[in-house]
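Single-structure report; data block below.
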Amino acid sequence: TAPRTVLLTGAAGGVGTLMRALLPPYGYRLRLFDQRPVDGEPDAITAELADTEALREAMDGVDAIVHLAGISLEAPFEKILRANIEGTYRLYEAARAAGVRRVVFASSNHAVGFTPRPADGSGAIPVGTPRRPDTYYGLSKGFGEDLASLYWDLHGIETVSVRIGSCCPEPTSVRMLSIWLSPADCARLLDAALTAPGVGHTVVYGSSANTRLWWDLSTARALGYTPRDDSEPYAAELIAAQGALDPGNPAHARLGGSFCTDPPRWPH
Ligand code: 15L
């Protein structure tokens, strides 16, 4: 039976805000959790993932979890450690204690960000490509995927780890033409990940059906996800404004884009 009550962590964040609007029409009742207050949602739980008592209460009556919470870009290791690594561990521990059977984990393309960029439209990068994190942030997403694997093998908690590309209303860079996940397709993918039977631990890439796709969407499609959007209508204007991707530019040479070249690096 399909989960009804879904705990949404990171509900005040970028993707969380989009999904708060787009998931309820699929029949989910969302329980919202974020360290910041959620605009216009007085019933949202405002707590950190380190607050085990708040997490325990948040799990009550929950059928599944969509775990979006955490730092969403590069940060000093200690911050990533607390928010993303320890936070995700706390979340799974609370899920285990409460008997929650299904998690959808927001992983990221930055778990494999140093992978060389393939030809546009090749869909060449499989989910089994070796991890090549481009940041401590990407490293934490690999940790989350492995934690999900461990909790499946040890405790039978199923997870779909979604290596999200760029989930935003419109693509705003030439790189995003290849990895864009439209908000509507994101909701379709989360719904598939919440309801597909027998997922064990499954890793999928999260993007729309982009003409210039870099990675393989077959594991996502196997869950029943059928993307409907394509970034291609935005291509001509973005390329005219920014120029085509230049293979000689290191920030264009790898999946993670400027996360491979420009993020602040710590310690400094
Ligand atoms: C991510 O993982 C970030 O959370 C998001 O802000 C974008 O930077 C995205 O990746 C991307 O690669 O565009």
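Residue-by-condition table, conditions (1) under 19 Å from the mean Cα position of the chain (by Cα); (2) within 23 Å of ASP153 (Cα to Cα); (3) surrounded by fewer than 17 Cβ atoms within 10 Å (Cβ to Cβ); (4) among the polar types (S, T, N, Q):
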| site | (1), (2), (3), (4) |
| --- | --- |
| GLN35 | yes, no, no, yes |
| ALA44 | no, no, no, no |
| GLU93 | no, yes, yes, no |
| GLY99 | no, yes, yes, no |
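Which count do you get for residues in region 226-251 that are touching a residue at least 40 places away in the same chain (Cβ under 8 Å) and under 30 Å from HIS201 (Cα atoms)? Count: 4.
Residues checked against (1) within 28 Å of ALA192 (Cβ to Cβ); (2) in contact with a strand residue (DSSP E or B) (Cβ under 6 Å, 6 or more places away or on another chain); (3) modelled with pLDDT of 95 or more; (4) of a type in the set (D, E, K, R):
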site: ALA21; (1), (2), (3), (4): yes, no, yes, no
site: VAL38; (1), (2), (3), (4): yes, yes, yes, no
site: LEU49; (1), (2), (3), (4): yes, no, yes, no
site: GLU57; (1), (2), (3), (4): no, no, yes, yes
site: PRO76; (1), (2), (3), (4): no, no, yes, no
site: GLY87; (1), (2), (3), (4): yes, no, yes, no
site: LEU91; (1), (2), (3), (4): yes, yes, yes, no
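Comparison of ASP153, ASP134 shows that the only residue that is within 12 Å of the ligand (Cβ to nearest atom) and charged (D, E, K, R) is ASP134.
Just so you know, in region 230-248 the residues that are exposed (fewer than 11 other Cβ atoms within 10 Å of the Cβ) and not in a helix (DSSP H, G or I) include one that is modelled with the lowest pLDDT, and it is PRO247.
May I ask you to say which residue of VAL104, VAL174 is of a type in the set (A, V, I, L, M), within 16 Å of the ligand (Cβ to nearest atom), touching a residue at least 40 places away in the same chain (Cβ under 8 Å) and in a strand (DSSP E or B)? Before you say what the answer is, go through the steps one by one.
Details: VAL174 fails: in a strand (DSSP E or B).
When all the criteria are applied, what remains is VAL104.
Of the listed requirements (1) within 15 Å of the ligand (Cβ to nearest atom); (2) among the aliphatic types (A, V, I, L, M); (3) not in a loop (DSSP other than H, G, I, E, B), VAL6 misses just one: (1).
Restricted to region 3-20, and to residues there that are among the small types (Gly, Ala, Ser) and touching a residue at least 40 places away in the same chain (Cβ under 8 Å), the residue that is surrounded by the fewest Cβ atoms within 10 Å (Cβ to Cβ) is GLY14. Filtered by the rule that a residue be within 16 Å of the ligand (Cβ to nearest atom) and part of a loop (DSSP other than H, G, I, E, B), region 47-77 gives LEU68, ALA69, GLY70, ILE71, SER72, LEU73, GLU74, ALA75.
The values are calculated or read from the model by the stated rules, or taken from the named source; none is laboratory data. None of these values were measured; they are calculated from a predicted model. A quick note on method: Cβ atoms are made from the backbone with ideal geometry, for glycine too, and the neighbour counts reach across all protein chains shown.
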